[in-house]
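Heads up: the structure comes next, in structure tokens.
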């Protein structure tokens, strides 16, 4: 019964001009699909292998540039800023001469090829779909916005996209290297850039330089105290900034110190060791050259007074600006029977920045005022007739040497702790190599497969369409050939029926005639 139902499923195509019907059985189509299935599979496999082989031949025979992928993840990269947030981040720093020189030196290659390597490194990035959709939305809004709402549209939409992942491409053949060496050069550059990245955007180098510049033999004793005081003050300010920035209660696994621990250590050295030595120098007038020391104090006091006047002027200007500044406001409207309408001041970055600047200037002004009083008291003490003994000088020199070691230790601990924090906490994933360039055969095969995948899909769709068309046409021809044969058989059957009808009519006429003339009929 199912077979009969299957045969009754037909597709009818009518020719309007000849009024003929072409009937195609669905079962015939499936039979033809089954008939050509093996041929289709074989052709599809051969076509896929042929396309892939062509792509593989091109990949392995041509010098395809080496490619890697790197990623940057830190606060500010989404706005295109560098880790210090003092400028725009530039991926081109990866191919700086310093980085390439480090890579070539590490590999033992001649640095004369530095420029060839640098010139043949390029970068690219892929825009995520969400960023692309946002840019499309921006263009749509900006096209429709009227002049009155244009600024609002610009303020509402953050439409600029800054990449966080980059392709790094090295065309080693143009640089004069083979595939193996070229791939190793690119991967070494990626590693060297990691070290360069932290050096370029680190915060510790100026701190160390500020202390190593101190040499006890080149300065008078009071001047050495001032240099150490400045160094310790810089260290404490740096540590306090790190402590504010850190929200993880960081304690270094390298040094065992937190930022607050080191800040207190620096404070202790300042208040106990440095101030004790400074007081001893002032009380005992310990100096290498009294006249030079007095000239130094006069010069320092004059500079500090100028700084004080500048801070006072800047503070007054800021106070005036703050008093006149009108913060942005927002209107709010309540709902219901007891609604309350009104306006409220809202957050303003500019207003907050002015207050932050005012606080900094007030602190500098207060510190400058204290420094002026301190140097004036030194000058007054040095003007007395009391002179230092040789024992006083030896004691001060020994104390200064001990102080120098303590300050150097604080700076060293600070640098190590800060490096540990930046590399393992703050910038733990700031720079990551997501995919190194590969020189293996499997990587080449995958590259060939990726390159040929689109072509393979297109060819397979085309072959499948041909397979369906062949099966359909074959079923059409087969069914209509059967119809023609059946139509011929039906014509023969119709002629036999007509002859029989004539014979029957003659016989009926003869019988009627016999009934009318029986005698005549017998003679016949």
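So that you can scan it fast, the table gives a plain yes or no per residue for (1) over 39 Å from the mean Cα position of the chain (by Cα); (2) surrounded by 13 or more Cβ atoms within 10 Å (Cβ to Cβ):
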residue	(1), (2)
240	no, yes
247	no, no
252	no, yes
267	yes, yes
271	yes, no
300	yes, yes
303	yes, yes
323	yes, no
Residue 277 vs. criteria modelled with pLDDT under 90 and either in a helix (DSSP H, G or I) or surrounded by 13 or more Cβ atoms within 10 Å (Cβ to Cβ) (or both): no
Selected residue [at pLDDT below 80 and outside the structural domain of residue 220 (by TED's automatic domain parsing)] from 339, 384, 388: 339
Which numbered condition residue 287 misses (of (1) assigned to a helix (DSSP H, G or I); (2) over 53 Å from the mean Cα position of the chain (by Cα); (3) closer than 19 Å to residue 229 by Cα): (1)
Test for residue 484: is it in contact with a helix residue (DSSP H, G or I) (Cβ under 6 Å, 6 or more places away or on another chain), part of a helix (DSSP H, G or I) and at pLDDT below 85: no
Residue pairs meeting the criteria (Cβ under 9 Å; at least 6 apart or on separate chains; first surrounded by 14 or more Cβ atoms within 10 Å (Cβ to Cβ), in the stretch 30-42; second not in a helix (DSSP H, G or I)): 31/25
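Right, residue 254: under 30 Å from residue 416 (Cβ atoms) and either modelled with pLDDT under 90 or not in a helix (DSSP H, G or I) (or both) or not?
Spelling it out, residue 254 is indeed under 30 Å from residue 416 (Cβ atoms) and either modelled with pLDDT under 90 or not in a helix (DSSP H, G or I) (or both).
Hey, among 395, 356, which residue is without any contact (Cβ under 8 Å) to a residue 60 or more places away in the chain and in a helix (DSSP H, G or I)?
None of the others qualify; the one that does is 356.
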Residue within the stretch 404-415 that is over 30 Å from residue 165 (Cβ atoms), exposed (fewer than 11 other Cβ atoms within 10 Å of the Cβ) and either at pLDDT 90 or above or touching a helix residue (DSSP H, G or I) at 6+ places or on another chain (Cβ under 9 Å) (or both) present: yes
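The values are calculated or read from the model by the stated rules, or taken from the named source; none is laboratory data. Bear in mind that the values here come from a model prediction, so they are computed numbers and not experimental data. Quick reminder, even Gly has a Cβ in these numbers, built from the backbone with ideal geometry, and neighbours come from all protein chains shown.
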